[in-house]
Amino acid sequence: MAQISLALQLYTVRDHLAKDLTGTLKKVKDMGYDLVEMPGLLSDDAQQAKELLDDIGLRGVGMHVALNLQEADLDTWIANAKTLGLADIAVPYLPEDRRKTREDWLAFAGLMDGLGARCKAQGMRLSYHNHSFEFVKFDGVYALDLLYENTSPDNVYAEIDTYWVKHGGADPVAYVRNYAGRLPTLHIKDMAPDENRSFAEIGNGILDWEAIHEAALEGGVEYYIVEQDRCAGDSLDSARISHDFVMQNLLAE
């Protein structure tokens with residue numbers, strides 16, 4: 001089985017990026033990350049962002065691009081991704097007014113399949129990143145599964161988020177297994193054992209990381225992507241704690 005690589009979704013440290021882009025990226029590199037997933041372009045243009053990452057010694061592996069931006073000008077975002085050397089583009093969120101009914105989800109599936117086919121034609125992969133609102137059922141089927149059942153695996157990949165699957169009342173291990181071979185990037189985040197189901201650093205919560213890791217290895221996951229939507233303390237500290245747990249407990253050689 002191929003080794004899984006570790007990346008940081010830079011959204012985790014967005015508060016620091018807003019104050020000091022270059023300095024924060026250097027700190028990310030210094031704590032041991034070599035790979036990052038981008039929450040959009042980090043600079044005025046893709047070439048400038050690529051040069052910044054290169055100077056620091058970081059490599060991008062994917063980028064989140066809002067659905068409306070892809071609808072408006074997918075070709076430009078594919079070009080941006082190619083300039084950055086990325087293999088993956090992900091839709092990070094489906095707006096509430098576009099997901100009220102089963103028909104909405106089927107329409108979204110048709111849209112994603114078309115966007116994904118265009119990405120594939122240019123050597124890119126398009127994924128969808130879930131939250132927990134996808135775990136509403138229509139005729140007994142979760143909306144997230146409706147999406148994947150009505151898109152081609154060659155056009156639309158899954159970027160499963162372990163925390164949000166758990167938050168939605170489903171089993172993260174089962175979802176990693178269900179979408180084996182269609183899951184190049186896995187968002188890993190933990191859930192604290194509190195009544196608010198708070199976000200937690202990897203290894204500091206209730207998720208079964210040994211079982212998740214076994215399923216990920218068997219399912220062909222290429223990248224673990226650490227993401228923590230909100231951090232109780234300093235976001236850089238949270239990113240470091242998650243990095244160290246993963247490297248010492250899941251990816252240790």
- Verdict on His167 being in contact with a Gly (Cβ under 9 Å, 6 or more places away or on another chain), within 23 Å of Glu195 (Cβ to Cβ) and not hydrophobic (A, V, I, L, M, F, W, C): no
Does Ala107 meet the test of being among the hydrophobic types (A, V, I, L, M, F, W, C), closer than 25 Å to Tyr148 by Cα and either in contact with an Asp or Glu (Cβ under 7 Å, 6 or more places away or on another chain) or at pLDDT below 95 (or both)? no
- Would a scan of segment 44-59 turn up a residue that is within 19 Å of Arg125 (Cβ to Cβ), touching a strand residue (DSSP E or B) at 6+ places or on another chain (Cβ under 8 Å) and assigned to a strand (DSSP E or B)? yes
The correct count of residues that are in contact (Cβ under 8 Å) with a residue 24 or more places away in the chain and in a helix (DSSP H, G or I) in segment 227-248 is 12
Picked from segment 166-182 (must be of a type in the set (A, V, I, L, M, F, W, C) and surrounded by fewer than 23 Cβ atoms within 10 Å (Cβ to Cβ)), the residue nearest to Ile4 (Cα to Cα) is Ala180
Could you tell me whether any residue of segment 156-165 is modelled with pLDDT of 95 or more and surrounded by fewer than 17 Cβ atoms within 10 Å (Cβ to Cβ)? no
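Listed here are the residues, each with its yes/no results for (1) surrounded by 15 or more Cβ atoms within 10 Å (Cβ to Cβ); (2) among the β-branched types (Val, Ile, Thr); (3) under 16 Å from the mean Cα position of the chain (by Cα); (4) under 24 Å from Val91 (Cβ atoms).
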position	(1), (2), (3), (4)
Ile206	no, yes, no, no
Ala215	yes, no, no, yes
Val221	yes, yes, yes, yes
Gly233	no, no, no, no
Gly62 fails exactly one of (1) in a helix (DSSP H, G or I); (2) closer than 16 Å to Met124 by Cβ, namely (1)
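The values are calculated or read from the model by the stated rules, or taken from the named source; none is laboratory data. Only a predicted model underlies this, so the values are computations on that prediction, with no experimental measurement involved. Note that each Cβ is placed from the backbone with ideal geometry, even for glycine, and that neighbours are counted across all protein chains shown.
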